[in-house]
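Undergrad: Structure incoming, see below.
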Amino acid sequence: MTVTEKLSGYTTAARSAGRGVGAATLSSGVALVHAVGRLVDAAVARVLLSDARVTSAAEGERQLSAGAGTEDLADKVQRVVVLATPIVRIVARGAKFTRLPWAMLASSSVSVGIAVRTGVREIQVLSSLVAHRIEEATGEPADQQLVEKVAVDLYLHPKRALDLTDDRLRLVRLTRKWVLLGAFGRTTSKRAGKALAAAEKLDGSDLAARWNATRSSRPADS
């Protein structure tokens, strides 16, 4: 399955998210969600191409604290920022935040950029730990789509049970978290720490078995 094919299923959800900011931003909202999907896909692919793995939540926390950069993903990060900035400004102006400083709107591209770079690094570290748990248990390379699915779901809801019967990525929710919360100065570091703690407890064999069952239950032409 190509990245384009994988992202096409999120268009309907993206349209729904876009209604909140008006019809004028609908196409931009769809493009933004697709850009976030491509960024996540590239970020996790780079993790899996490396032999290095995060082997514990504590190690993951240390790596995040060290503030390693994501320069190799700079073009995809910038694409997200370019698409997100006008949407953030429209949302802010239409949300009746009467006391919102205009300086915050003027710096929204900077805020979004920081949030996206931080968020994608959190996804990478989390993905590395998820891959380690799967590979350690199965003795085989982790499936990229499984790693992405588990990492994104844990990142969004660290305490929620993983549902692998639905293999879609929650890209609309991830986009909202990075773009809107980031633009207004809210960080994701605490939630990322909780996600790492949850990932450390994963049963890699169970994940792989459930994922294979989901895939095998699909129609042959899907």
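The values are calculated or read from the model by the stated rules, or taken from the named source; none is laboratory data. Because the structure is predicted, anything quoted here is derived from the model rather than measured. No Cβ is skipped: glycine too gets one built from the backbone with ideal geometry, and neighbour counts run over all protein chains shown. Each accessible area value is taken on the protein alone, full model and side chains, heavy atoms only, with ligands, DNA and RNA left out. Shrake-Rupley method; radii C 1.70, N 1.55, O 1.52, S 1.80 Å.
Undergrad: Which ones in region 173-202 are farther than 21 Å from residue 67 by Cβ and touching a Pro at 6+ places or on another chain (Cβ under 9 Å)?
TA: The answer is 198, and nothing else.
Undergrad: From the list 118, 214, 165, which residue is assigned to a helix (DSSP H, G or I), over 18 Å from the mean Cα position of the chain (by Cα) and surrounded by fewer than 23 Cβ atoms within 10 Å (Cβ to Cβ)?
TA: Matching residue, one of 118, 214, 165: 214.
Undergrad: Going by what's in this entry, would residue 133 be described as under 16 Å from the mean Cα position of the chain (by Cα), open to solvent by 40 Å² or more (accessible area, probe 1.4 Å) and not β-branched (Val, Ile, Thr)?
TA: no
Undergrad: Confirm whether residue 176 is open to solvent by 50 Å² or more (accessible area, probe 1.4 Å), outside any helix (DSSP H, G or I) and under 18 Å from residue 116 (Cα atoms).
TA: Criteria not met by residue 176.
Undergrad: Looking only at region 73-87, decide whether some residue is among the acidic types (Asp, Glu) and either over 22 Å from residue 169 (Cα atoms) or open to solvent by 30 Å² or more (accessible area, probe 1.4 Å) (or both).
TA: Yes, because at least one residue in region 73-87 is among the acidic types (Asp, Glu) and either over 22 Å from residue 169 (Cα atoms) or open to solvent by 30 Å² or more (accessible area, probe 1.4 Å) (or both).
Undergrad: Among the residues of region 155-167, are any of a type in the set (Lys, Arg) and under 23 Å from residue 50 (Cα atoms)?
TA: The answer is no, given that none of the residues of region 155-167 is of a type in the set (Lys, Arg) and under 23 Å from residue 50 (Cα atoms).
Undergrad: Report the residue count in region 34-49 for those that are open to solvent by 40 Å² or more (accessible area, probe 1.4 Å) and in contact with a helix residue (DSSP H, G or I) (Cβ under 8 Å, 6 or more places away or on another chain).
TA: 2
Undergrad: Scan region 23-53 for residues that are modelled with pLDDT of 50 or more, over 14 Å from residue 175 (Cα atoms) and over 18 Å from the mean Cα position of the chain (by Cα) and report the count.
TA: Counting residues in region 23-53 that are modelled with pLDDT of 50 or more, over 14 Å from residue 175 (Cα atoms) and over 18 Å from the mean Cα position of the chain (by Cα) gives 8.
Quick grid of which residues meet (1) part of a loop (DSSP other than H, G, I, E, B); (2) at pLDDT below 90; (3) crowded, with 16+ Cβ neighbours inside 10 Å; (4) of a type outside the set (A, V, I, L, M, F, W, C):
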| position | (1), (2), (3), (4) |
| --- | --- |
| 141 | yes, no, no, yes |
| 146 | no, no, yes, no |
| 150 | no, no, yes, no |
| 196 | no, no, yes, no |
| 202 | yes, no, yes, no |
| 218 | yes, yes, no, yes |
| 221 | yes, yes, no, yes |
